[in-house]
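The values are calculated or read from the model by the stated rules, or taken from the named source; none is laboratory data. As the structure is a prediction and not an experimental result, all values here were calculated from the model. Note: ideal-geometry Cβ built from the backbone for every residue, glycine included; neighbour counts use all protein chains shown.
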Amino acid sequence: MEKFVVETSPNLEGSLRVSGAKNSVLIIMAASLLAEGECVIEDVPDLLDVHVMIDLLRSLGSEVNYDAQKEQLRTRVMDATITDASYELTNRMRASIVVMGPLLARRKRANVALPGGCPIGARPIDLHLKGFRRLGVNVEIGHGSVEGVFEDHMIGNNIYLDFPSVGATENILMAATLAKGTTTIENAAQEPEITDLASFLTKMGAKISGAGTSTIRITGVERLVGVRHQVIPDRIEAGTYMIAAAITKSKIFIDNVVPTHLRPLISKLEEAGVIVTPQANGLVVDALEGYTGVDITTLPYPGFPTDLQAQFMVMLTVCEGLHTVRETIFENRFMYVNELMRMGAKIRIDGSSAMVKGVSHLEGAQVRSTDLRAGSALILAGLVATGTTEISEIYHIDRGFVSIEKKLQGIGANIRRVSI
Ligand code: UD1
């Protein structure tokens, strides 16, 4: 077991590089199940979740070689007859459900044990299943698994998503690439990771238009082939470091960022008085003059990302005034608030809203990560808290952040990983 020990770190400076996007790479790895021939994926971050997906692909008959040094992953389907994804693997990561679309498309059957993952709400998969059913798949849930089968072909159809779910959009998009005819996904998620997936699939030979908008049209093709693809930078990792600069009133350069992917955060930081300057391949965050508080509401992209909600909340805990954080994506994403309150933050939760009353400072304490993004938020809190903050259960953080302590040390933060 390990923990992070964080000391007050007032003046961060220098630069750091953002890794490839976890939420893109996991889905692109799943999409490799659709290909005939080898897929080469570049900028694959060395994360726990990536290793779970490697194990899952291997269990489904793929040969996978991952070079963590080069951040390159090569994968090729060797046995396309396996259609069952075991609970042992899917329970380690909720995103495992996205193998269902590719398995159905290429193998005409899928049996996926219902997943676990971050404990941040019910996280149902009804929209994924609604989509598959609309494509003619017979879907049944039982004994902790979901099974899909169909005869002959999936048939393209119009699918309206009641909510623009990222995972459902990805799963249906992948399933539809090899279906007969045209599928239209309405009220589709518009996250940059959807566009990245569509660009990977298009290189493989898929016919897709509208990815990145709320209506995606897919015309099924006979086969998809292996290709090379570089995943987009991780906007949530980038955003976390941008907030680290803001909260410590520092100026840093963040390399490997697509500023348009971070538009909602940049807009809020600017509203708070932080200067964000896009540069070639990255951006400078300048908070040397400090910042004021602002309210945020999480929304599907291009709204403010729920995956940056906890980090932004930490910023608000130490600025004057009363501010509101509204969470509209997940119903249970304030679990970390108790930990922040143990550090002296003043926060009142009322349903899906949190009222934050700024305090002069946070105090170091022993806290535990309750989920992946909240864990990174506690590190940010530790950077500005007086004294020492010890964060346990950091495996959550390791699921989604590459060497977070090393990257922060590189810009002058006082953080150590310690075995316990
Ligand atoms: C993805 C991201 C996650 C991010 C989330 C929202 C990955 C691996 N994870 O998760 O980091 O926080 O998008 O940006 O990419 N819902 C339903 N029915 C469904 C599916 C979802 O009601 O069938 C609900 C969920 O319970 C949740 C909301 O829709 O309240 C958003 O979920 P979704 O967009 O599907 O998130 P994920 O794809 O799971």
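Here are the numbers for this structure:
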item	result
Subset tally (residues that are surrounded by fewer than 16 Cβ atoms within 10 Å (Cβ to Cβ) and either more than 16 Å from residue 90 (Cα to Cα) or away from the ligand (no atom under 16 Å from the Cβ) (or both)) for the range 130-150	7
Residue check for residue 231: among the aliphatic types (A, V, I, L, M), in contact with a Cys (Cβ under 9 Å, 6 or more places away or on another chain) and over 30 Å from residue 8 (Cα atoms)	no
Complete set of residues in the range 74-92 that are within 16 Å of the ligand (Cβ to nearest atom), surrounded by fewer than 23 Cβ atoms within 10 Å (Cβ to Cβ) and not charged (D, E, K, R)	89, 91
Filter pass, residue 64 being away from the ligand (no atom under 16 Å from the Cβ) and either over 23 Å from residue 153 (Cα atoms) or of a type outside the set (Asp, Glu) (or both)	yes
Subset of the range 56-67 [in contact (Cβ under 8 Å) with a residue 24 or more places away in the chain and among the small types (Gly, Ala, Ser)]	59, 62
Qualifying residue in the range 247-263 (condition: of a type in the set (D, E, K, R), closer than 30 Å to residue 107 by Cβ and in contact with a strand residue (DSSP E or B) (Cβ under 6 Å, 6 or more places away or on another chain))	no
Hits in the range 1-48 (condition: surrounded by fewer than 23 Cβ atoms within 10 Å (Cβ to Cβ) and basic (Lys, Arg))	3, 17
Residue 210 vs. criteria surrounded by fewer than 21 Cβ atoms within 10 Å (Cβ to Cβ) and without any contact (Cβ under 8 Å) to a residue 40 or more places away in the chain	yes
Of residues in the range 246-297 being under 19 Å from residue 361 (Cα atoms) and not hydrophobic (A, V, I, L, M, F, W, C), the one farthest from the chain's Cα centre (by Cα)	289
Counted residues, the range 315-340 - those being of a type outside the set (A, V, I, L, M, F, W, C), closer than 20 Å to residue 391 by Cα and free of Cβ contacts under 8 Å to residues at least 40 places away in the same chain	2
Considering residues of the range 352-367 that are among the small types (Gly, Ala, Ser) and farther than 23 Å from residue 265 by Cα only, the residue nearest to the ligand (Cβ to nearest atom)	365
Selection from the range 298-351 of residues that are touching an Asp or Glu at 6+ places or on another chain (Cβ under 6 Å), more than 22 Å from residue 364 (Cβ to Cβ) and more than 10 Å from the ligand (Cβ to nearest atom)	323, 324
Test: residue 242 is within 23 Å of residue 13 (Cβ to Cβ) and in contact with a Leu (Cβ under 8 Å, 6 or more places away or on another chain)	yes
Selection count, the range 213-232, where residues are touching a residue at least 40 places away in the same chain (Cβ under 8 Å) and either part of a strand (DSSP E or B) or touching a Ser or Thr at 6+ places or on another chain (Cβ under 6 Å) (or both)	10
Verdict on residue 399 being among the charged types (D, E, K, R), within 16 Å of the ligand (Cβ to nearest atom) and either surrounded by 24 or more Cβ atoms within 10 Å (Cβ to Cβ) or modelled with pLDDT under 95 (or both)	yes
Residues located in the range 174-207, provided they are in contact with a Gly (Cβ under 7 Å, 6 or more places away or on another chain), within 28 Å of residue 304 (Cα to Cα) and aliphatic (A, V, I, L, M)	174, 194
Entirely in the range 68-168, the helices (runs of 4 or more DSSP H) that have 3 or more residues that are over 23 Å from residue 211 (Cα atoms) and free of Cβ contacts under 8 Å to residues at least 40 places away in the same chain	87-90
Hits in the range 151-186 - residues which are within 16 Å of the ligand (Cβ to nearest atom) and surrounded by fewer than 19 Cβ atoms within 10 Å (Cβ to Cβ)	160, 162, 163, 186
Matching residues in the range 369-396 - criterion: being in a strand (DSSP E or B) and surrounded by fewer than 24 Cβ atoms within 10 Å (Cβ to Cβ)	386, 388, 390, 392
Residue that is nearest to the chain's Cα centre (by Cα), among those in the range 356-376 that are aliphatic (A, V, I, L, M) and more than 17 Å from residue 330 (Cα to Cα)	367
Residue in the range 211-235 that is nearest to the chain's Cα centre (by Cα), counting only those that are closer than 30 Å to residue 63 by Cβ and within 16 Å of the ligand (Cβ to nearest atom)	234
Number of the exception - residue 196 against (1) within 16 Å of the ligand (Cβ to nearest atom); (2) part of a loop (DSSP other than H, G, I, E, B); (3) acidic (Asp, Glu)	(2)
